[in-house]
Structures are given as structure tokens and as C-alpha cells.
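Take a look at the structure set out below.
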Amino acid sequence: MSRAIDAAEVRRRTRELLAAHPPATTGRTDFLRARFDAGLAWVHYPVGLGGLDAPRSLQQVADAELAAADAPDNDPRRIGIGLGMAAPTVLGFGTDEQKRRFLRPLWVGEEVWCQLFSEPGAGSDLAALATRAVRDGSGDWIVDGQKVWTSSAHLARWAILIARTDPDQPKHRGISYFICDMTDPGVEVRPLRQITGEAEFNEVFLTGVRIPDSHRLGPVGEGWKVARTTLMNERVSIGGSRIPREGGMIGPVARTWRERPELRTPDTHQRLLTLWVEAEVARLTGERLRQQLVAGQPGPEGSGMKLAFARLNQEISGLEVELLGDEGLLYGDWTMVRPELVDFTGRDAGYRYLRSKGNSIEGGTSEILLNIVAERVLGLPAEPRNDKDVAWKDLSR
Amino acid sequence: MTAPTQPSATPDLLYTRDEEDLRSAVRALLTDRADAPTVIAATESDTPYDPRLWSSLATGIGAAGLLVPEELGGQGASHREAAVVLEELGRAVAPAPYLTSSVVATETLLALGADGGPAGALLGELASGTRTAVLAVPFATAPARVDTALASLDGTVRGVAEAAAADVLLVPTAEGLYAVGTTDPGVAVQPLVPLDLTRPLSAVTLTGAAGTLLADADASTAAVRRGLLAGAGLLASEQLGLAEWCLTETVRHTRERHQFNRPVGSFQSLKHRMAHLWLEVVSARAAARNAADALATGSPDAPLAVAVAQAYCSGVAVHAAEECVQLHGGIGMTWEHPAHLYLKRAKADSIAYGTAGSHRRAVAELADLPAP
């Protein structure tokens, strides 16, 4: 190692990158590749894989320099699943070859990723999944099954996939974790229309999909352990971002309140104030969690943040539709579209009301999250279970 | 159209190492001198206060002088540290005139700008813990609503918290702010029967009492408002400590208590109620720290931070105490178990320095969300 990585060193390296590849005259992809190779993609990642083995908190130093120089970014919202879920899992469980092959195009955004986890018969009880992966004579895996609620599947080059490799084992033990090529002829992607009218998600049908063993992540039969890393990162990415005051769902309804005095009633005023206070407290709770992470004292608050935001989004958008009265009876547009980006606060109040219903279902239902808080944070006894020591093939379905 | 006011700076919502050390000292003292049977027994006596506890807390640890600059005889700390003391006092529902004397009365005197006059001398005594003072306004008075002043040092103020044990009353009147000794002629402090036995209430009657004028009417109103704002803001920390105790005890009890051959804490309906409570406590901590930090830094955001903290934390403390009683089952209804002390304190706190509703009214004004 040359010198210790501190803020000054990150700044120096960022300026070096900007000098060698001026954003004004460098193509976007070329710039992002160079940024990755300079270790400034995610500084807490290892050297050679887009990072500098530096503390995560130093990323903001690089980001600030890059933003000031008008450098292009990798449009993180378009590749959220790759960045938030696939990347930490590949980093944690991948072979050196897998890390070298997948992380750079993932971060640069040349290859979009999706997640093939949930199934029609395996939602909250994800470990009961029924998609099968069977090894054929060549050593490749042949995958058959159906996945659901897959965002970006129609855009993705790769998927992280969990499938059952041993039905004779209890459900958590017979699962393996794979990287699936979405261009395989056995992959069929169909849009899944939801209550908002649009199709953010897909159903994915897997029929004889061939996956080489070199695309397995982690040991055979230990896919559940690997998947837990992915899911932990999902919850962090859903609940962990910093927002300004009135930055969330409360923003539009507060603006409507200020701009349209004719809509105000004593009842909606009381409810608005209660929700405004709760939204502000949720914002502060998120900010406190962020400060704990920066100080290297991560707390269990993350699992609570998703619970809080799901409930608030639903109650606030519900109030907004009611506040609008006559207009609340209308809906913007029921046309079936496949949006590339999801914005919970985008579109009209009716959309917000309907879309937010998913906030307490996606990424772990609120009921499951309450169990997790009760058992892992508060140490309350687990539910009595009858599925732990039974072979998956003998479970009722 | 008006945008929402953004906080002027990012508040520090964590605890410093010094604050954690202070917490340890206060908790050790309260564990030693204010366990639940002691507090219950004290509430059945003439006065719930333990003078040795107060002198250890106020003088020994120096908690009484946290808000007071060193040159005026205090510790030169801030509302952040005082908030930590209140978290611990709330956790123990310990009877001690800390919020009323060391926060509200002290902050009121600090607002007068103590420059050697009688206010400055009194401030030094309060900071050292040798004397206590209370603001002679009803405990329910919200910071934004200081219209309850007497015309002069003549009349009755009902519902004054912790006046019985105080040495000095700070009395706002139409003539200005007076300091009056509680044992002076013409001063009667009549105990009332309070819902919360750990925080006595009194009716203060003044009949031609002589007092020392500390400030004129305008300065008095501003100072009282600032005192009550600090009181309301730091009350959120007391409510946080109280709620945290209720959650911890409820989790402990439901893990140990067996019915139907299972710990009752393994039933999902109970687990979910405790998980919801945990989220409320976590959120209350952020709100209370934000208010304490805003007061400590003199942030222009302080009135809104305090209103948000009170509008939120009052309900959390009451909910936590109510769940504590219910999830303890029959034992939670007994006089012997301390749950009732927490319920009574939480309910009284939800009225003290303004109800959640009155703080939401302040939010409406401060966040530009006007009534119809």
C-alpha cells in the first residue's frame, strides 16, 4: 500500500481522474469506466473492484468533487437493484473471477440487473420457493419455474436468482444462488399490470434455462444465507436515504394546502398537522440513523424506517385524495405503461394513494418486519414453527 | 408560494461521550436512591422528595447548573446534557424538581440577562442546587400562550408544579416578573391532590406579598416564554426516558410470563404491539434530541423543533405507559407494581407545558399550514 486513504487523498485522486479524463471531452461510458478503475466508484470496495478499501464516509468527498466538475454519474436510480442488491452479494460471496467479470459493467450501468426471488407461492415465506435447478451431465444447471414482482426484468442483462437444488432438505437448506443470463432463450418476461394501471414489474417464466456452474454464488445448498445478504441490503436501500423537510409524500399535500385555501376544513387540518409532525419525526429518525452509520454505530433503526414510511405514505396520500374532494374522484391515466423509473411521489394524488399500498408489501411486508423487530431487536420469542425440520418436498403447498 | 422552512443546520442527533458519562452517573445515583419501592413509598409520605437524592444530583453531579455559564456559577454545559439528565429522571419517574427549577426557572432567569442583579444571585444559587425556584404559572401553560399573568402580586395561581418544595417563586404579573420567597408573609402554597404523585402540584395564593422585581412586563413575557420553551423541549426527553422504561419492562415481563404453555411474548398480537412501540420510542429519541440540540445551539428552528417534539413525544409516552399496564395484565393494575407511576406521569406530562394539540397549533403557524 502506498499511503493511507484520507479525505485529502480521495480529493487528490478525484482531481487526477478529472484531469486525465475531462468530463467535457470524454464520453459518458469511458468516463465512468475510468472512474471505476481509479477506485472512485464506491471507495469502500476493494482496490481493483472500483474502490480504495477506504471508509464509506469518504465517498461524499469524491462525489462532491465530481459534481462540482459536472462529471456524469451512473444514473443510480436506473440500476438500483444492481447497485443495492447484486453488487454487495457478488462482493460478499463471488469468486475473484465473478467479481472481476460483473462489478464493473454493473456499476457503470452497461449491464442492468434484476432480482428473481419472489414466486407466486413464495412471498413472505420466500424460503419455500419452488423454482428448481437440476444439474445435467455437463455440470450446467437447468432451471425451471416462475418468478414474480421482478422490476427491470425486460431491461436486464443479468439476474440474481435463487432456486431449489435439493428438495429432500428442509426448505432453508436446499437452496442455491445463481447469476442468470436474461438473454437465455428459456427466459420469458411478461409485464405484470398492477392496481395503478401501469406495469412496473414483470412475471418471469423460466423454462429449461441453462446456467453454467461458474455462475453460482456461494456453495451449493447455501443460497439462503447468500440471499439474506441481498435482502438486508434491500431494506437498507429502501429505508436509508436522506430527505429534506417535506421531502417525501407530505410535500405535495402541504403545497396543496398552502396554495388552495378553499379545500381546507377543520378535520383535514388536524389530520394534516398530525401527519406533518409524524413525517418530520420520521425524517429526523432517518437522519439520526444516517449519523449513526457515519459514526460507525449502526443501529437496528433501519428495519423500523421502512415500517414508518410505508404507513405514512399510505395515510398521507389517503388524506390528499380526500382533501381534493371533487378532483379526488378523478384519476390521471389508466393507460398500461412500463415506466423505467419509479417515483412514489410522482404523478397525481390517486396514483400516490394506490402505489403506496405496495410500500407495506414490497421488500418485506410490514407484518413480517414487525416480527423481525420483535424477535431480533427486542429479543421476543420466535413464533412456534412446524416447517423447520421437514423436507421441502413434504411441506403443504 | 412559500416553501417550507428548512433547518438552518444539520442537528447533531447522537450522544457525545460526555453525555453518556453523565447518563451513567445519574443512572447509578437513581438506581441507588430511587428504585420503584422507594418511589412508591415516597409518594405516600408528605413529600415525595428525597433531599439526599437532590443534593447528589444537583450539587454532587452538578446537574442543576448545566444550563448556567461558568461565570454565573454553573457548569457551562447545555440543553443537550440537561436532556440526558431528564431521560434518566423519566426512566426512574424520580421525584426531583429538576425540570421546573433547573430548566424552566433557570432558563427564565438566564433570559433576563443576569448582570449581577438579584436575578444573577438567584441564578447562582439555583445552579449550585442550594435553592430551588419554580415559575408560578399553571403547569399546563404552553410556551406560545403566556397570557395567564396576575395583575399584581395578589391572587391565586392554580396547578403550579413543585412549588411546595421550592424556596422561591418566579411570579409573572402585569407589572413584571417578581421573585417571591415561598415562606414570605402573604404567600400561601396549598398542596392539591395531583394525578401524578411524583410531581406535586399546588395552588399559590399571594395576598399583598412583597417581592423583588426582576424585570418589566415586556422582558418578563419574553423570558417566561423562553423558560417554557426550554421546559417543553426538554420534557420530550423525560417522556422518551419514561417510554423507554415502559417498553423495556413490558418486553422483560412478556418474555417471562407464561400462559397457554408459552411465554405470552411469543404471541404475534403482543409482539407486533411491542414492535410498534419500539418504533415510536426510536422516533421519539430523534425528535427529543433534535429539540435539545436546537435549544442548545440557539437555532432559529428551536420553536418548531420543540413543537414537533412535544406534539409527538407526549403521545408516545402515554401509549407506552398504557401498553405497559395492559401487557402486564392484572399485575399492571396493582398499586405495588410501578407501572401506574409511569402511566400517571405520562398522562400528566401530556398536558404539561401544552398538550400535543396546542403544539400542533404552533406547528400550523411555524410551518405555514394555516387553519381554515
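The values are calculated or read from the model by the stated rules, or taken from the named source; none is laboratory data. Note that the structure is a prediction, hence the values are computed from the model and not measured. Note that we place each Cβ from the backbone using ideal geometry, even for glycine, and neighbour counts take in every protein chain shown. Ligands, DNA and RNA are excluded from the accessible area calculation, which covers all protein heavy atoms including side chains. Shrake-Rupley method; radii C 1.70, N 1.55, O 1.52, S 1.80 Å.
Hey, which aspartates and glutamates would be in cross-link range of residue B:271, C-alpha to C-alpha under 15 Å, not counting anything within fewer than 8 residues on its own chain?
Result set, ordered by chain and number: A:367, A:375, A:383, B:249, B:256, B:280, B:323.
Let me check I've understood the local charge: for residue A:210, count other residues with C-beta under 14 angstrom from its C-beta, Lys and Arg +1, Asp and Glu -1. What total comes out?
Computed value for this residue: -3.
Please work out the C-alpha center-to-center distance from region B:338-353 to region B:39-111 and express it in whole Å.
When both Cα centres are located, 18 Å separates them.
At a probe of 1.4 Å, how much accessible area disappears from chains A and B on forming the pair, both sides counted, to the nearest 100 Å²?
4100
At a probe size of 1.4 Å, how large is the accessible area of residue A:326, to the nearest 10 Å²?
Residue A:326 exposes around 130 Å² with every protein chain in place.
Under 15 Å from the Cβ of residue B:55, count the other residues' Cβ atoms, weight Lys and Arg +1, Asp and Glu -1, and hand me the total.
Residues near residue B:55 contribute -1 overall.
On full extension of the chain, what length is gained from residue A:338 through residue A:214, given 0.36 nm per residue of separation minus the C-alpha to C-alpha distance? Don't skip to the end; give the middle numbers.
Details: separation 124, 0.36 × 124 = 44.64 nm, distance 3.29 nm.
Net length gain for the segment: 41.4 nm.
Can you compute the helix-only [θ] at 222 nm over chain B? Use -39500 (n - 2.57) per DSSP H run of at least 4 residues, normalise by all residues, nearest 500 deg cm²/dmol.
Helix-only estimate at 222 nm: -15500 deg cm²/dmol.
Dividing the convex hull volume of the alpha carbon atoms of region B:219-366 by its residue count, what do you get in Å³ per residue?
Normalising the Cα hull of region B:219-366 by residue number yields 106 Å³.
Solvent-accessible area per residue for region A:82-224 at a 1.4 Å probe radius, Å²? Numbers along the way, then the final one.
Details: 5210 Å² over 143 residues.
Here the residues of region A:82-224 average 36 Å² of exposed surface.
Order B:182, B:205, most accessible first, counting only protein heavy atoms with a 1.4 angstrom probe.
The most accessible residue leads, giving B:205, B:182.
Grab the Cα-Cα distance for residue B:252 and residue B:27, subtract it from 0.36 nm times how many residues apart they are, and report the gain in nm with one decimal.
Taking 0.36 nm per residue and subtracting the Cα distance, the gain is 79.1 nm.
Show B:347, A:99 ordered by accessible area, largest first, where the area counts protein heavy atoms only and the probe is 1.4 Å.
Final ranking, largest accessible area leading: B:347, A:99.
Where nothing but the Cβ of Lys and Arg (+1) and of Asp and Glu (-1) is charged, how large is the charge dipole of region A:327-397 around its Cα centre, in debye to the nearest 20?
120
Which value in nm describes the separation of the simple spin-label points at residue B:210 and residue A:47, placed 7 Å from the Cα toward the beta carbon?
Between residue B:210 and residue A:47, the label points sit 8.3 nm apart.
Using only Cα atoms, locate the centre of region B:228-270 and the centre of region A:87-160, then give the distance between them in Å, rounded to an integer.
42
Can you return the lysines within cross-link range of residue A:357? Criterion is Cα-Cα under 19 Å, with same-chain partners fewer than 8 residues away left out.
Straight-line reach from residue A:357, under 19 Å: A:306.
How much of the accessible area of region A:1-42, probe 1.4 Å, is carbon plus sulfur, in whole percent?
Looking at region A:1-42 in its full context, I get 50 percent from C and S.
Grab the other residues whose beta carbon is less than 11 angstrom from that of residue A:112, score K and R as +1, D and E as -1, and report the net.
With Lys, Arg at +1 and Asp, Glu at -1, the neighbours total -2.
Per-residue counts of other Cβ atoms within 10 Å, averaged by peptide: what ranking do you get for A:222-231, B:14-23, B:235-244, highest first? Could you put the intermediate results ahead of the total?
On the way: A:222-231: 19.8, B:14-23: 15.0, B:235-244: 29.3.
Sorting A:222-231, B:14-23, B:235-244 by mean packing, highest first, produces B:235-244, A:222-231, B:14-23.
Specify, per residue and in Å³, the volume enclosed by the convex hull of the alpha carbon atoms belonging to region A:240-364.
Cα-based convex hull of region A:240-364, divided per residue, equals 115 Å³.
Between residue A:297 and residue A:68, what's the calculated FRET efficiency when r is the beta-carbon distance and R0 is 22 Å? Round to 0.05.
Efficiency, rounded to the nearest 0.05: 0.15.
Using a 1.4 Å probe on the protein heavy atoms only, what accessible surface does residue A:351 show? Give it in Å² to the nearest 10.
Accessible surface of residue A:351 is approximately 10 Å².
Quantify, in whole percent, the carbon and sulfur part of the accessible surface of chain B (1.4 Å probe; protein heavy atoms only).
Working: 7590 of 14060 Å².
Of all accessible area on chain B, carbon and sulfur atoms account for 54 percent.
Any idea of residue A:243's accessible area? Nearest 10 Å², probe 1.4 Å.
Counting only protein heavy atoms, the figure is 50 Å².
Taking the Cα centre of each part, how many Å lie between region B:118-146 and region A:348-384?
Each part's Cα centre sits 46 Å from the other's.
Give me the three principal axis extents of chain A from the C-alpha atoms, as integers in angstrom, largest value leading.
If we take the Cα atoms of chain A, the spans are 72, 62, 46 Å.
On alpha-carbon atoms, Rg over Rh for the protein assembly as shown using Kirkwood Rh? Write down the numbers at each step before the final one.
Numbers: Rg = 30.2 Å, Rh = 29.2 Å.
Result: Rg/Rh = 1.03.
Other chains near B:269-277: what is the mean number of their Cβ atoms within 10 Å of each residue's Cβ?
Averaged over the peptide's residues, the number is 6.
For region A:265-301, which residues drop by 30 square angstrom or more in accessible area between the chain on its own and all protein chains together (1.4 Å probe)?
Buried by the other chains: A:269, A:273, A:276, A:277, A:281, A:284, A:285, A:288, A:291, A:301.
Determine the shielding of peptide A:375-386 by partner chains: average, over its residues, the number of Cβ atoms on other chains within 10 angstrom of each Cβ. Don't skip to the answer; put the middle values down first.
On the way: counts 4, 0, 6, 13, 4, 13, 9, 2, 4, 2, 0, 0.
Mean shielding count: 5.
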